[in-house]
Structures are given as structure tokens and as C-alpha cells.
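We did not get these values from a lab; they are worked out from the coordinates using the rules stated. Since the structure is predicted, the reported quantities are computational estimates derived from the model, not experimental observations. FYI the Cβ positions are ideal-geometry reconstructions off the backbone, even for glycines, and counts take in every protein chain you see.
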Amino acid sequence: MTLLAKIESREAHLGVLGLGYVGLPLVMEFCKAGFKVTGFDVDAARVGELRDGVSYIKDVPSAEVDRFVKEGLFRPTTDFDLLSEVDTVNICVPTPLRKTKDPDVSYIVQAVSEIKERLHAPQLVLLESTTYPGTTVELVLPELEATGLKVGEDFFLGFSPERVDPGNPQYQTKNIPKVVGGVTPACSEVAKALYSTSIDTVVPVSSPQVAEMVKLLENTYRSVNIGLVNELALMCNKMDINVWEVIDAAATKPFGFMPFYPGPGLGGHCIPVDPFYLSWKARASGFEARFIELAGVVNGSMPDYVGTLVSQALNNIERSVRGSRVLALGVAYKSDIDDVRESPALDVIEILRRMGADVVYHDPYVSSLRIEDSTMESVPLNDETLSGVHCVVVTTAHKGIDYEWVLSKVPTLVDTRNCLPHSNDPKLLRI
Ligand code: SAJ
């Protein structure tokens with residue numbers, strides 16, 4: 001039976017390599033479609049939790065993991081030799097940046113070397129990790145063809161960008177359209193068949209490079225537009241114009257405009273990272289991606305700007321930063337989640353500490369924080385805490401916090417997230 005037939009009949013044994021916020025939801029969708037799925041991860045603790053029917057990914061209920069493990073559909077493992085048993089492998093590993101802002105594709109390289117050792121005909125390999133255009137054809141393909149197997153005949157290879165938005169209540173793996181580009185038409189056909197079993201909409205494109213570039217455009221679009229409004233915020237501050245009012249009014253335009261909002265900087269593992277995969281590749285191709293670099297400069301300058309605002313706020317109450325207690329309110333990289341990766345709040349805290357402030361934080365989702373090799377604990381948000389604070393800086397606006405009440409309890413407040421849009425209190429400074 002051909003691989004295509006095995007997929008269509010659900011007899012194919014699927015593999016997912018990397019069981020994080022992308023891989024685990026994908027495993028669940030494949031299991032729901034009736035496939036046996038072996039999930040591979042290097043983290044034995046994670047594999048142990050999954051085997052016990054426990055999910056560490058907020059969007060994946062433990063009951064689902066438990067059900068599919070018990071039914072024998074989902075087999076979590078650290079044994080990469082089992083790659084020899086699977087007909088397809090989706091690679092869902094991290095693609096961070098090095099300190100030099102160069103792509104770190106070491107996780108992809110490691111995954112491909114594990115697969116290469118067990119590559120067999122027929123087998124479908126799909127890279128999902130966000131990466132620079134060319135990774136699939138220039139980095140992955142040669143490694144797999146070094147086995148002597150032929151792409152498009154013995155094995156099939158393609159790229160399909162992950163578009164998982166953790167915590168998104170409306171869009172999850174099943175109903176987010178899946179772009180996919182195969183190295184050959186046969187690769188695209190098999191890849192499309194696989195995704196069509198489990199995901200509502202599949203969008204084939206002509207090559208892996210196009211698929212790689214699609215994801216980078218999506219997130220560079222965000223980074224550049226956030227950079228635009230951050231620069232607008234700096235301009236509006238000079239002109240004493242409320243940038244939030246400007247954006248809200250511009251957003252009434254029913255076409256041709258999508259609102260983005262200024263903030264203390266760019267957080268998360270996508271938006272601050274993905275554009276630099278593109279600019280790195282562009283540079284290697286002899287092209288300077290100036291919008292990306294400029295957006296990076298503007299977005300990267302926002303934490304310092306917030307430090308200046310806090311300094312102004314304290315000055316307004318005749319205090320220096322040094323010797324003042326500042327409460328950073330909300331440290332996750334965006335509202336109503338617990339993820340602090342690349343969070344600009346961490347930069348703001350470090351900047352204020354370097355200015356001599358005594359900085360504490362409160363975040364209902366983040367109980368403790370590693371920062372500059374020390375650990376901070378979230379302080380309770382109550383009268384006692386606020387009575388000792390000279391300035392609050394709202395760095396992430398989680399729902400469920402009464403910001404009016406907070407403002408009433410402190411001498412001054414810097415709002416970087418427009419959580420007090422209607423206040424004219426002179427104690428309040430906004431980005
Ligand atoms: N941010 C702003 N102003 C904005 C929007 C975001 O300052 O107008 C900041 C956020 O506070 C955060 C950072 O940018 O620190 C990133 O925010 P994000 O809303 O882009 O959220 P992410 O990083 O979780 O991005 C993910 C991406 N999803 C994938 O890559 C699959 C992105 O493509 C989604 O559009 C985004 O979620 C989303 O819309 O939630």
C-alpha cells in the first residue's frame with residue numbers, strides 16, 4: 001500500500017518530533033483523526049508527564065492526552081529509534097536567535113540527524129519550525145538525500161509553518177489554515193493528504209521556500225507595524241498628542257487599516273525573533289532588509305523610553321529614581337498569559353534597577369521570575385504593598401486588575417498599555 005493510501009485509510013503511523021506548544025496540539029489533532037501517533041521529545045520529564053496523561057500545554061486538556069495514551073493511539077517517547085517505525089514525521093522544535101541575533105537552527109539540525117539515521121522508504125518529513133527561506137532545501141534535503149534515498153520517490157519532504165497562537169480562544173490547530181510547500185509535486189500531494197485528515201483548510205504553495213517566507217511575512221508584518229506605532233507614540237509624546245486616541249480613531253476606518261498599539265517593547269518567541277531570521281537570510285543574499293532592522297531598533301528602544309517615563313513620573317513628585325520603590329505591574333509578554341519569554345517587562349525592570357530603583361513586581365500569572373541571575377517573587381497587589389510604592393509601571397495589562405484602584409493608591413503611575421484610557425489624573429503618565 002502506498003504512503004498516500006496509508007494516510008487516507010488512517011493506517012499510517014505518524015510521528016511528531018518536539019512536543020511543545022506546536023507539537024502536542026498537532027498530536028492531538030492526528031489522534032482525533034484516528035491515527036496512531038508516536039511523539040518524540042528529548043525531555044524525559046515531559047514524556048513522563050504525557051505517559052501519565054498529564055498535559056503541560058494550556059491549550060491541551062490532560063483528559064485528551066490521557067484518553068489517547070490509554071487508547072494506545074498516542075505513544076510519547078524519548079527513544080528516537082522508533083522513528084524507524086513511523087511513516088511520517090512533523091518536526092516541531094524551537095528556532096530561537098543566538099545572542100548575535102543570528103538564527104539558531106541547532107534544534108532542526110539535531111532533529112534531522114535523528115531522522116536521517118532511521119529514514120526509510122516511504123517516509124514523509126515535514127518541517128514546521130519557523131525558519132529562514134531555504135532551510136528545507138538547503139539544510140534538510142541534502143542531509144536526507146545523503147542516505148541515498150531520493151526525494152519525491154523514496155521519501156517526501158516539505159515545509160509547513162506553525163501558526164499556533166497559544167491561548168487563542170477562537171483559533172486552534174484544527175481551524176487555522178495550514179500552508180504547505182513540498183520539494184516536489186509528489187511531496188506536496190502526500191503532505192496535503194496528511195494535513196487534510198486533521199486540519200480544516202490546507203493551502204498548498206509551490207515550494208518550501210514560499211511556505212517558509214509566508215510565516216516570516218506574517219510576523220514581520222506585525223513587528224514592522226508595531227515599530228511604526230511605537231515611533232508614532234514617541235512623536236505624539238513630543239507633540240503632546242494622545243497616541244491611543246489617534247489609533248482608536250484611525251481604527252474606525254472600515255478598510256485599509258489594522259490597529260496596532262504602542263507598548264514597552266516586543267515580547268514572545270515569535271515576533272521579536274522571526275523577522276531576524278528573514279533579515280539574516282536577506283543579508284546572506286546580498287540584500288539589506290531595512291524595515292526589519294529599523295523596526296528592531298525602534299521596538300528595542302521602548303524599554304529605555306519607559307525608564308525615562310518612570311524617571312519623569314518620579315521627578316513630578318520630586319523624587320529621584322534612586323531610592324524609590326517601583327512596582328512593575330504585569331510581567332508576561334502579553335495579556336492574560338503566563339509566558340515571560342523576551343518580555344519587555346524584564347528589560348524595564350533591569351533598566352530601573354540600573355537606575356537605582358528598588359523594583360518589585362506583581363503578576364497574577366507569574367509567581368516568580370529569574371532576572372539577572374536573581375529570583376523575584378510576585379508581591380501581593382494590596383493596600384500594604386501599594387502604600388510603600390512611589391511609582392507603578394503597568395508593563396502588561398492583564399484582565400481582572402482594577403487599575404483605577406491601583407492609581408488611587410499610589411503617588412504616580414506610568415501606563416504603557418493604555419489600561420486607564422479615560423483617566424485625566426495628573427498622577428498618570430502614558431506612553
Ligand atoms: N505587541 C505590541 N503592540 C501590538 C501587538 C503586540 O506591542 O499591537 C507586543 C505584545 O505586547 C507582545 C509582542 O508584541 O509583547 C508580540 O505580541 P503578538 O500579539 O504578536 O503575540 P505573539 O508573540 O504571541 O504572536 C503570535 C504569533 N503567532 C504565530 O506566530 C503563530 C502572531 O503571528 C499572531 O498574530 C499573534 O500571536 C496573535 O495575533 O496573537
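Between LYS174 and LEU217, how high is the FRET efficiency from 1/(1 + (r/R0)^6) when r is the Cβ-Cβ distance and R₀ = 22 Å? Nearest 0.05. Intermediate results must be reported in sequence, preceding the final value.
Details: r = 23 Å, r/R0 = 1.06.
Here the calculated transfer efficiency is 0.40.
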Alpha-carbon centroid distance for the pair segment 25-80 / segment 318-350, whole angstrom
35
Relative to the chain, whose Cα atoms define the longest principal axis, helix 290-316 and its Cα axis are tilted in degrees, nearest 10, by 30
Using 24 Å as the Cα-Cα cut-off, could you pick out the over-long pairs in LYS36/LYS174; LYS399/LYS427; LYS215/LYS399; LYS32/LYS399; LYS99/LYS334; LYS192/LYS215?
LYS215/LYS399; LYS32/LYS399
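Give, as a single signed number, the net charge of other residues whose beta carbon lies under 10 Å from the beta carbon of ARG118, with Lys and Arg counted +1 and Asp and Glu -1.
Values: positive: LYS116; negative: ASP81, GLU85, GLU114, GLU117.
Here the count lands on -3.
Would you please classify the overall shape of segment 59-109 from the alpha carbon gyration tensor, given that a ≥ b ≥ c denote the square roots of the eigenvalues, rounded means a/c under 1.5, and beyond that prolate means a/b larger than b/c while oblate covers the rest? Provide the component values of the computation, followed by the final result.
Details: a/c = 3.75, a/b = 1.77, b/c = 2.12.
It comes out oblate by the Cα gyration axes.
Taking the highest mean first, how do the peptides 148-159, 95-106 order by number of other beta carbon atoms within 10 angstrom per residue? Write out the running numbers ahead of the final one.
Working: 148-159: 19.8, 95-106: 14.6.
Per-residue mean Cβ counts within 10 Å order the peptides as 148-159, 95-106.
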Residues whose built amide H sits under 5 Å from the amide H of VAL359, excluding neighbours closer than 5 in sequence, are VAL326
Could you calculate the contour length gain from ARG67 to HIS13, that is, 0.36 nm times the residue separation minus the distance between their Cα atoms, to one decimal place in nm?
17.7 nm
R0 = 30 Å: FRET efficiency of GLU404 with ASP248, Cβ-based, nearest 0.05?
0.95
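What does the charge count near ASP81 come to, summing +1 for each Lys or Arg and -1 for each Asp or Glu among other residues with Cβ under 12 Å from its Cβ? Don't skip to the end; give the middle numbers.
On the way: positive: ARG118; negative: ASP79, GLU85, GLU114, GLU117.
Result for the local shell: -3.
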Taking segment 212-263, which trypsin sites (Lys or Arg not before Pro) meet the DSSP loop condition and have no more than 15 other C-beta atoms within 10 Å?
none
What spacing in nm lies between the two simple spin-label points modelled at ARG353 and GLU117, each 7 Å away from Cα in the Cβ direction?
4.0
How tilted is helix 344-354 with respect to the longest principal axis of the chain? Cα atoms for both, answer in degrees (0 to 90, nearest 10).
50
Which whole-Hz couplings ³J(HN,Hα) result when phi for each residue of segment 407-422 is put into the Karplus expression 6.51 cos²θ - 1.76 cosθ + 1.60, θ = phi - 60°, listed in order with x for Gly and Pro?
4, 5, 9, 10, x, 7, 9, 9, 9, 9, 10, 6, 7, 10, x, 9
What order do you get for ASP66, ASP383 when you list them from fewest to most C-beta neighbours inside 10 Å?
ASP383, ASP66
What is the angle, in °, between the Cα long axis of helix 185-196 and the longest principal axis of the Cα atoms in the chain? Nearest 10 is fine, range 0 to 90.
60
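For segment 11-169, what class follows from the C-alpha gyration tensor (a ≥ b ≥ c being the square roots of its eigenvalues): rounded when a/c is under 1.5, otherwise prolate if a/b is larger than b/c, else oblate?
Numbers: a/c = 1.88, a/b = 1.27, b/c = 1.48.
Oblate shape, in that a/c is at least 1.5 and b/c is the bigger or equal ratio.
Which of the GluC sites (Glu not before Pro) found in segment 54-110 are in a DSSP loop and have at most 10 neighbouring Cβ atoms, other than their own, within 10 Å?
Those that pass, being in a loop and sparsely packed, are GLU71.
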If packing is taken as the average count of other Cβ atoms within 10 Å, what order do 254-264, 199-209, 412-422 fall into, highest mean first?
412-422, 199-209, 254-264
If I take R0 = 22 Å and measure r between the Cβ atoms of PHE255 and LEU228 in this structure, what FRET efficiency does the formula 1/(1 + (r/R0)^6) give, to the nearest 0.05?
0.75
Mind jotting down the distance between the C-alpha centroids of segment 140-192 and segment 396-431, whole Å?
46
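Determine the relative contact order of segment 212-368: mean sequence separation of Cα pairs under 8 Å and six or more apart, normalised by residue count, in whole percent. Please report the intermediate quantities before stating the final value.
Numbers: 205 pairs, mean separation 37.8, N = 157.
It rounds to 24 percent for segment 212-368.
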DSSP loop GluC sites (Glu not before Pro) in segment 244-334 with at most 16 other Cβ atoms within 10 Å of their Cβ, which ones?
GLU288, GLU318
Pairs of Cα atoms under 8 Å, at least six residues apart: use those to get the relative contact order of the chain, whole percent.
11
Taking amide H atoms as placed 1.01 Å from N in the peptide plane, list the residues 5 or more away in sequence, or in a different chain, whose amide H sits under 5 Å from that of VAL180.
VAL203, VAL205
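Explain nothing, just the number: dipole magnitude of the chain about its Cα centre with +1 on each Lys and Arg Cβ and -1 on each Asp and Glu Cβ, in debye rounded to the nearest 20. Walk me through the numbers before you get to the answer.
On the way: 40 positive and 57 negative charges, 123 e Å.
Roughly 600 debye, rounded to the nearest 20.
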Rounded to the nearest 5, what % of the DSSP beta bridges within segment 230-430 are antiparallel ones?
20
Looking at the chain only, what percent of DSSP beta bridges run antiparallel? Nearest 5 please.
15
Using alpha-carbon positions, what is the distance between the centroids of segment 208-238 and segment 351-379, in Å?
29
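At 222 nm, what helix-only mean residue ellipticity would the chain give, in deg cm²/dmol to the nearest 500, using -39500 (n - 2.57) for each DSSP H run of four or more? Kindly include the intermediate steps, with their values, before the conclusion.
Values: 14 runs with 164 residues, N = 431.
Value at 222 nm, helices only, nearest 500: -11500 deg cm²/dmol.
By its C-alpha gyration tensor, with a ≥ b ≥ c as the square roots of the eigenvalues, how is the chain shaped: rounded for a/c under 1.5, else prolate for a/b larger than b/c, else oblate?
It is prolate, given that a/c is not under 1.5 and a/b is the larger ratio.
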